[in-house]
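S.K.: One structure follows; several queries about it will come next.
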Amino acid sequence: MIAVLAKVPVQTDKKEIALEAVKELMAGVAKEEDTLYYTLNIDKKDPDTFIFMERYRDMDALKAHGATPHFHKFMEKAMEFASGPPEITILEEIASKG
């Protein structure tokens, strides 16, 4: 299993635009068969950073996610609200509860 942590810094005054873009992204992600888990989180200590926690069946599923139209559309919109480049960490999941 592949896990991803993606941190996206967001301009404070553009959070609403960012949240709308995330809603559109999540609607598309919900249809991805091999995307097993996908959430948006906000660190209370750093509310201007969106943190996506993601889980994929395998690396091919992650690549497929990155090639979807809804992901590309989100990345285009991110240019409007991001305050810097995303920080992406790709992990191999070794064990999980449940």
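S.K.: Dipole magnitude of the range 1-87 about its Cα centre, charges +1 at Lys/Arg Cβ and -1 at Asp/Glu Cβ only, in debye to the nearest 20?
M.R.: Around 100 debye, computed over the range 1-87.
S.K.: Which net charge results for the neighbourhood of Met59, defined as the other residues with beta-carbon distances under 13 angstrom from its beta-carbon, given Lys and Arg at +1 and Asp and Glu at -1?
M.R.: Around Met59, the surrounding residues sum to -3.
S.K.: Using a Cα-Cα cut-off of under 27 Å, which lysines could be cross-linked to Lys73, ignoring same-chain neighbours fewer than 8 residues away?
M.R.: Lys7, Lys14, Lys15, Lys23, Lys31, Lys63
S.K.: Less than 18 Å apart at the alpha-carbon level, and either on another chain or at least 8 residues along: which aspartates and glutamates does that give for Lys45?
M.R.: Those aspartates and glutamates meeting the cut-off are Asp13, Glu87.
S.K.: Name the residues whose placed amide hydrogens come within less than 5 Å of the amide hydrogen of Val10, ignoring near sequence neighbours (fewer than 5 apart) on the same chain.
M.R.: Thr49, Phe50, Ser83
S.K.: Here's a follow-up. Computed from the coordinates I sent, Cα Rg over 2.2 N^0.38 Å equals one of (1) 1.06; (2) 1.88; (3) 0.99. Tell me the label.
M.R.: (1)
S.K.: Hey, what do the phi angles of the range 25-42 turn into as Karplus ³J(HN,Hα) couplings, whole Hz, using 6.51/-1.76/1.60 and θ = phi - 60°, x for Gly and Pro?
M.R.: Working through the residues one at a time gives 4, 4, 4, x, 4, 4, 8, 7, 4, 9, 8, 8, 7, 7, 10, 9, 9, 10 Hz.
S.K.: Report the residues of the range 15-29 in range of a label on Phe71: point 7 Å along Cα→C-beta, backbone N strictly under 12 Å from it.
M.R.: 29
Bear in mind that the values in this text are calculations on the coordinates, not laboratory data. Everything numeric here is computed off the predicted structure, so don't read it as measured data. Using ideal geometry, Cβ is built from the backbone for each residue, glycine included, and neighbour counts are taken over all protein chains shown.
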